[in-house]
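Scroll down for the structure; my scribbles are underneath it.
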Ligand code: BES
Ligand code: ZN
Ligand code: ZN
């Protein structure tokens, strides 16, 4: 990860970037009159990233927009990503950001986030030239350390999502969770297949039947002494390490080919725990991550099968590609034993959610008091992982009626993201929110500061939500 340091003095040959809103803020002692005239001309022409090349080093003037709400922060993140792209292109290793601007933290966030790379599988690792960001300005050490851990957590999630299942099967995923737990200080317990069988998690076991690798069920806990909540908040993440669709096999192009991302929800839960623990948030949180691949093996579960789930409800499987809800249902039912205050699941659950809003936000639905959903929406704006609330009307349950079991795992295609959520609600007995990240979890091309591939969506959202809970 890019190194970030606070410094107290600018060296004469340092590469430097000044963040400003208007020409008035430009340091007249640092620039020559000729340079100042050029910068003013550029600002008039509405250029936002102005470069002064001084041969031994460069100076940059970044003109930030004036929005005072969360949109200003987002524009600053994007401006940060543009600067880092330019620095890499021009092979600049170290930059000092000079600013007393309130948007400084978001600007740094955008720079570091955009500088993420996943190089593990290249024999020749072409790391980005820009490795160090120095900060000369008004930012507290605490705020900076907090930001660093949040980005580190997000980058870990990106790594996990980018790992192909040739490395990251369910067992390996649980090992990575244990490793991150040790590093950040949260507790992890992993149930293997025998324990999952003993707990009668029929949904998770059914999806795992076609696999040659065993399933896992990871339980994470962060319980600081000063926790504000008496009853825990539970985060549940879908951990399908690869989704072929099973016997209801997916087509390859633009579908199965990127289904290594199907544990993006599980990874987001791990990342949220990492950030929460590293920054010592005073909240008691439990994480549940059921994990397996979904494959058409000789013993694979089949359309028509009836599965008895962890909470004893029976499910007629009509499509083995609707596997996420099968494994999440068991985790949601297991969550009951903690008598939680609130449960939020996060999952790359439906193509329907992605089709509805693309990668621009997170689809949410739930049955909590409105106040809680509104807090989540506010966090969504703050971190710009915006929340779109879908209806959660009971009428959608009509589609889940089976002629042979309590429920089917397949709706009729109308409101597919919602029927998936309503299916899950049958396994809950507490205030519940369902997040579908099928759209934003994985990008086919970079979007400003969000890199191509795994995005880490969910980490910053959960962190901000729990910080303000
Ligand atoms: N993992 C997929 C959903 C998905 C789609 C994730 C696109 C990321 C990007 C999920 O398991 C799935 O296959 N859902 C089916 C459900 C259907 C069979 C009811 C879908 O959305 O088509
Ligand atoms: Zn599927
Ligand atoms: Zn899936």
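Output the residue which, of all residues in the range 301-322 that are part of a loop (DSSP other than H, G, I, E, B) and under 21 Å from residue 351 (Cβ atoms), is nearest to ligand 2 (Cβ to nearest atom). The selected residue is 321. For the range 257-271, the set of residues classified as out of contact with any helix residue (DSSP H, G or I) (no Cβ under 6 Å at 6 or more places or on another chain) and within 14 Å of ligand 3 (Cβ to nearest atom) consists of 257, 258, 259, 260, 262, 263, 265, 266, listed by residue number. Checking each residue in the range 210-249 for being part of a loop (DSSP other than H, G, I, E, B), under 28 Å from residue 281 (Cα atoms) and away from ligand 3 (no atom under 13 Å from the Cβ) picks out 223, 224, 225, 226, 227, 228, 229, 230, 231, 232.
Against the conditions (1) in contact with a strand residue (DSSP E or B) (Cβ under 9 Å, 6 or more places away or on another chain); (2) within 13 Å of ligand 1 (Cβ to nearest atom); (3) part of a loop (DSSP other than H, G, I, E, B); (4) under 24 Å from residue 305 (Cα atoms), residue 413 satisfies every one except (1). Regarding residue 274, is this residue more than 16 Å from ligand 3 (Cβ to nearest atom), in contact (Cβ under 8 Å) with a residue 40 or more places away in the chain and within 22 Å of residue 362 (Cα to Cα)? Considered against the rule, which asks whether it is more than 16 Å from ligand 3 (Cβ to nearest atom), in contact (Cβ under 8 Å) with a residue 40 or more places away in the chain and within 22 Å of residue 362 (Cα to Cα), residue 274 comes out as yes. Condition (residue is surrounded by 17 or more Cβ atoms within 10 Å (Cβ to Cβ) and modelled with pLDDT of 95 or more) applied to the range 22-30: is it met by at least one residue? No, there is no match, as no residue in the range 22-30 is surrounded by 17 or more Cβ atoms within 10 Å (Cβ to Cβ) and modelled with pLDDT of 95 or more. When we screen 250, 238 for residues that are closer than 15 Å to residue 458 by Cβ and within 16 Å of ligand 2 (Cβ to nearest atom), the only hit is 238. Of the residues screened, residue 283 is not one that is away from ligand 3 (no atom under 15 Å from the Cβ), part of a strand (DSSP E or B) and surrounded by fewer than 24 Cβ atoms within 10 Å (Cβ to Cβ). Looking at the range 296-315, can you tell me whether even one residue there is at pLDDT 95 or above and within 12 Å of ligand 1 (Cβ to nearest atom)? The answer is yes; a qualifying residue exists.
Residues are listed down the side, and each one gets a yes or a no for (1) within 16 Å of ligand 3 (Cβ to nearest atom); (2) in contact with a strand residue (DSSP E or B) (Cβ under 6 Å, 6 or more places away or on another chain):
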{"position": "335", "(1), (2)": "no, yes"}
{"position": "340", "(1), (2)": "no, yes"}
{"position": "393", "(1), (2)": "no, no"}
{"position": "404", "(1), (2)": "no, yes"}
{"position": "419", "(1), (2)": "yes, no"}
{"position": "428", "(1), (2)": "no, no"}
{"position": "435", "(1), (2)": "yes, yes"}
{"position": "446", "(1), (2)": "no, no"}
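Within the range 351-365, residues that are over 10 Å from residue 388 (Cβ atoms) reach partners that are within 16 Å of ligand 3 (Cβ to nearest atom) with beta carbons closer than 7 Å, at six or more positions or on different chains, in the pairs 351/438; 352/416; 352/417; 354/438; 354/439; 358/439; 359/439; 359/440. Would you confirm, using the coordinates I've provided, whether residue 42 is in contact with a helix residue (DSSP H, G or I) (Cβ under 8 Å, 6 or more places away or on another chain), surrounded by 17 or more Cβ atoms within 10 Å (Cβ to Cβ) and assigned to a helix (DSSP H, G or I)? Against the criterion (in contact with a helix residue (DSSP H, G or I) (Cβ under 8 Å, 6 or more places away or on another chain), surrounded by 17 or more Cβ atoms within 10 Å (Cβ to Cβ) and assigned to a helix (DSSP H, G or I)), residue 42 does not qualify. Looking at (1) assigned to a strand (DSSP E or B); (2) surrounded by 18 or more Cβ atoms within 10 Å (Cβ to Cβ), find the lone condition where residue 51 falls short. (2) is the only condition that residue 51 fails.
Residues that are surrounded by 24 or more Cβ atoms within 10 Å (Cβ to Cβ) and over 23 Å from residue 358 (Cβ atoms) were ranked within the range 418-465; the one that is nearest to ligand 1 (Cβ to nearest atom) is 423.
Condition first: under 28 Å from residue 128 (Cβ atoms) and without any contact (Cβ under 8 Å) to a residue 24 or more places away in the chain. Now tell me which residues in the range 12-26 satisfy that. Of everything in the range 12-26, just one residue is under 28 Å from residue 128 (Cβ atoms) and without any contact (Cβ under 8 Å) to a residue 24 or more places away in the chain, namely 12. Being in a helix (DSSP H, G or I) and surrounded by 12 or more Cβ atoms within 10 Å (Cβ to Cβ) is a description that applies to residue 87.
Conditions (1) in contact (Cβ under 8 Å) with a residue 40 or more places away in the chain; (2) more than 15 Å from ligand 3 (Cβ to nearest atom); (3) buried (at least 22 other Cβ atoms within 10 Å of the Cβ), marked per residue:
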position: 291; (1), (2), (3): yes, no, yes
position: 296; (1), (2), (3): yes, no, no
position: 299; (1), (2), (3): yes, yes, no
position: 308; (1), (2), (3): yes, yes, no
position: 311; (1), (2), (3): yes, yes, no
position: 320; (1), (2), (3): yes, no, yes
position: 328; (1), (2), (3): yes, no, yes
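What are the residues in the range 100-151 that are out of contact with any helix residue (DSSP H, G or I) (no Cβ under 7 Å at 6 or more places or on another chain), part of a helix (DSSP H, G or I) and more than 19 Å from residue 15 (Cα to Cα), if any? Answer for the range 100-151, where residues must be out of contact with any helix residue (DSSP H, G or I) (no Cβ under 7 Å at 6 or more places or on another chain), part of a helix (DSSP H, G or I) and more than 19 Å from residue 15 (Cα to Cα): 141, 142, 144, 145, 146, 148. Just for the range 385-399: of the residues that are in a loop (DSSP other than H, G, I, E, B) and crowded, with 20+ Cβ neighbours inside 10 Å, which one is farthest from the chain's Cα centre (by Cα)? Within the range 385-399, the match that is farthest from the chain's Cα centre (by Cα) is 390. Answer with yes or no whether residue 303 is within 16 Å of ligand 3 (Cβ to nearest atom), farther than 23 Å from residue 354 by Cα and free of Cβ contacts under 8 Å to residues at least 60 places away in the same chain. Yes.
The values are calculated or read from the model by the stated rules, or taken from the named source; none is laboratory data. Just so we're clear, the structure is a prediction, and the values are computed from it rather than from any experiment. Methodologically, a virtual Cβ is constructed for each residue, glycine included, from the backbone with ideal geometry; neighbour enumeration extends over all protein chains shown.
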